[in-house]
Amino acid sequence: MIDAEGFFVFANSDAEQFFSAGASHLVKKRLSDFIPADSPLFGLIEQVRTERSRISEYRVDVSSPRIGGERLVDLYVSGLVDSPDHVVIMIQLRSIADKMDRQLTHRSAARSVTGLAAMLAHEIRNPLSGIKGAAQLLETAASDEDRVLTRLIQEESDRIVKLVDRMEVFSDQRPIERSAVNIHSVLDHVKTLARSGFARGTKFTETYDPSLPPVFANRDQLVQVFLNLVKNANEAIAGQDGGEIRLSTAFRPGVRLSVPGTKRRVTLPLEFLVEDNGPGVPEDIRENIFDPFITTKPSGSGLGLALVAKIVGDHGGVIECESQPGHTTFRVLMPMWREATDTTEPVDQDVASGDQ
């Protein structure tokens, strides 16, 4: 926290480490003693004071001789109601560039699955149908003992066909039909589906922002995204006392991303969270959790979260996972609907794959 003159008023232990100085030393210094006066951070501080608002800015360079070079950070700046001249600054060393790089990796992996799905659909489905048909013919003349094997052949053939069918979704390149969608209606529908099926008896907690504007999206695909995330959360807390799934929505004004290769700023102000208090995602797969065929389930295909990442990416959004034992969060950032938007392209909102 800094005051009207730019002096430190408070600094937590992480801030002490970031500025390489103790709190007792920092309160005698101005922020400009550590960060160059021409840094975008000071423009954000003045904007917050003038507009009495909160602003987030990603991938801001605050490098200086005092705190070191190559300091790309995410900034969250907010004023205080009781002390209008005081400003609270939260600095995160993890930059949005890392998040966007992961999104590009997920989409690249999804494109690889797209080609694989097209090949599998053509090269595997026909032979499988012949194998299953041959097994059905053999079953008519087989002994009871051999019938077990012919049925196994048929069941395994059906299982492979279902896997191919699921992968074929990745090869669907048709334009998405999008409109203004009430995210709370989507989440309530997902919760109803879950409670009537795989999540009977699961405790749900909702924290919704009732004033949230509509999201610019395809409703059916959003249902698919959040149903998959809720199912994963439910599996994470299965058999656990006190297991809980939390759904929340929020408006994050000022959350802007730079689109690589252009000067455009993309706004993704709608934040949707699916949280659980399960054991967490294993650290060895956490960074690759949205890649195809990555799964912790013995019978899982590892395509569910890859499909979620593809759908969110196709909508111009960002999805990320933060996990530690006892708390896992899937965060989805999406563009909002604007009245001036036509039915095919959101005004200054999309993160088109071609731009990235």
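The values are calculated or read from the model by the stated rules, or taken from the named source; none is laboratory data. Being a predicted model, the structure only gives us computed values, none of them experimental. Note: ideal-geometry Cβ built from the backbone for every residue, glycine included; neighbour counts use all protein chains shown.
Regarding LEU72, is this residue modelled with pLDDT of 90 or more and touching a strand residue (DSSP E or B) at 6+ places or on another chain (Cβ under 8 Å)?
It is false that LEU72 is modelled with pLDDT of 90 or more and touching a strand residue (DSSP E or B) at 6+ places or on another chain (Cβ under 8 Å).
For the stretch 200-235: of the residues being touching a Lys or Arg at 6+ places or on another chain (Cβ under 8 Å) and not polar (S, T, N, Q), which is surrounded by the fewest Cβ atoms within 10 Å (Cβ to Cβ)?
Checking each candidate, the answer is GLU206.
Looking at (1) more than 33 Å from the chain's Cα centre (by Cα); (2) within 14 Å of ILE89 (Cα to Cα), which one does ALA15 not meet, given that it meets all the others?
Evaluating ALA15 over (1) more than 33 Å from the chain's Cα centre (by Cα); (2) within 14 Å of ILE89 (Cα to Cα) leaves (1) as the failure.
Could you go through the stretch 275-288 and let me know if any residue there is closer than 18 Å to GLN224 by Cα and modelled with pLDDT of 85 or more.
yes
From (1) without any contact (Cβ under 8 Å) to a residue 40 or more places away in the chain; (2) part of a loop (DSSP other than H, G, I, E, B); (3) under 21 Å from PHE10 (Cβ atoms), pick out the condition that doesn't hold for ARG66.
So the condition that ARG66 fails would be (1).
Would a scan of the stretch 99-107 turn up a residue that is at pLDDT 65 or above and assigned to a helix (DSSP H, G or I)?
Within the stretch 99-107, none of the residues are at pLDDT 65 or above and assigned to a helix (DSSP H, G or I).
Please tell me if ARG49 is at pLDDT 85 or above, of a type in the set (D, E, K, R) and surrounded by 14 or more Cβ atoms within 10 Å (Cβ to Cβ).
So ARG49 fits the description; yes.
Please go through the stretch 12-55 and pick out each residue that is touching a residue at least 40 places away in the same chain (Cβ under 8 Å) and in contact with a Leu (Cβ under 7 Å, 6 or more places away or on another chain).
PHE19, LEU41, ILE55 - these are the residues of the stretch 12-55 that are touching a residue at least 40 places away in the same chain (Cβ under 8 Å) and in contact with a Leu (Cβ under 7 Å, 6 or more places away or on another chain).
Where residues in the stretch 297-321 are surrounded by fewer than 15 Cβ atoms within 10 Å (Cβ to Cβ) and of a type outside the set (Gly, Ala, Ser), which of them is modelled with the highest pLDDT?
Per the criteria, the residue is LYS297.
Looking at LEU187, LEU247, can you tell me which residue is at pLDDT 95 or above, assigned to a helix (DSSP H, G or I), buried (at least 17 other Cβ atoms within 10 Å of the Cβ) and not hydroxyl-bearing (Ser, Thr, Tyr)?
Criteria check complete, one pass: LEU187.
Quick check on the stretch 182-236: of everything there that is among the β-branched types (Val, Ile, Thr) and more than 19 Å from the chain's Cα centre (by Cα), which residue is nearest to LEU307 (Cα to Cα)?
THR192
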